[in-house]
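The values are calculated or read from the model by the stated rules, or taken from the named source; none is laboratory data. Fair warning: this is a prediction, and the values are worked out from it, not measured in the lab. Glycine also receives a Cβ, built like all others from the backbone with ideal geometry; neighbour counts cover every protein chain displayed. To get the accessible areas, we keep the full protein, side chains included, count just its heavy atoms, and leave off ligands, DNA and RNA. Shrake-Rupley method; radii C 1.70, N 1.55, O 1.52, S 1.80 Å.
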Amino acid sequence: AEARALAGLARSLAERPENGLEALARTIVEMGLAGSACVSLLDPSGQCFRWSATAGAWARHAGRVMPYGASPCAVVLDAAAPLLFRQPHETFPALVGEPPINEVLLMPFRLEGNLVGTVWALSHGSERRFDAEDARLLDSLSSLAAAAHKLAHAAEVLAADGQRQAFRLSLTER
């Protein structure tokens, strides 16, 4: 199942690189790893995290912005290590919501050597507890987050360059 999910994710990255982070979050949920998944990126200012992709029960939170100090992502990036929080809303009040989060496993990821974001796996019930195998799998998937982020950025640059080229061509035709 893991191999099929990773192959599907690789296809998504190749076919629609601009949607790679969303495909990653969906894959985490579809694999049964979590009830919700999120990919958060550190804003270039370093002041906040943006939930760039979400899936599952908390999908409606896509685009959410959390200040650096109010986010568990800050703790994960500061530690440069995966962390598990039980009842995270007790430490991070911004994580109060429906369905409630029982546990959250966060994995940092790097781009060109710099920590740039986290991949989240959220459990909404006490029957689902994360373990070492979940951390291993999320670690594997987090390396794909960096690739997806880089591919999405490259696709944006190419699209912008194509628009500039089309604009130049339209000006020369006049």
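Please work out the FRET efficiency for the pair Leu6 and Arg128, using the Cβ-Cβ distance as r and a Förster radius of 25 Å; give the result to the nearest 0.05. After rounding, the FRET efficiency stands at 0.70.
Per residue, the convex hull spanned by the alpha carbons of the chain comes to 126 Å³. Of the three principal axes defined by the Cα atoms of segment 54-139, the extents in descending order read 35, 30, 23 Å. Here the extension length gained between Glu18 and Ala80 equals 19.7 nm, from 0.36 nm per residue of separation less the Cα-Cα distance.
For the chain, with all protein chains in place and a probe radius of 1.4 Å, 56% of the accessible heavy-atom surface sits on carbon or sulfur. When peptides 95-102, 144-151, 14-21 are ranked by their average number of other Cβ atoms within 10 Å per residue, the highest-first order is 144-151, 14-21, 95-102. Note on segment 1-50: Cα-Cα pairs beyond 17 Å make up 44% of the total pair count. In the distance distribution for segment 1-93, Cα-Cα pairs more than 17 Å apart total 57 percent.
If each DSSP helix of 4+ residues adds -39,500 (n - 2.57) and the sum is divided by the residues in the chain, what number results at 222 nm, nearest 500 deg cm²/dmol?
-14500 deg cm²/dmol
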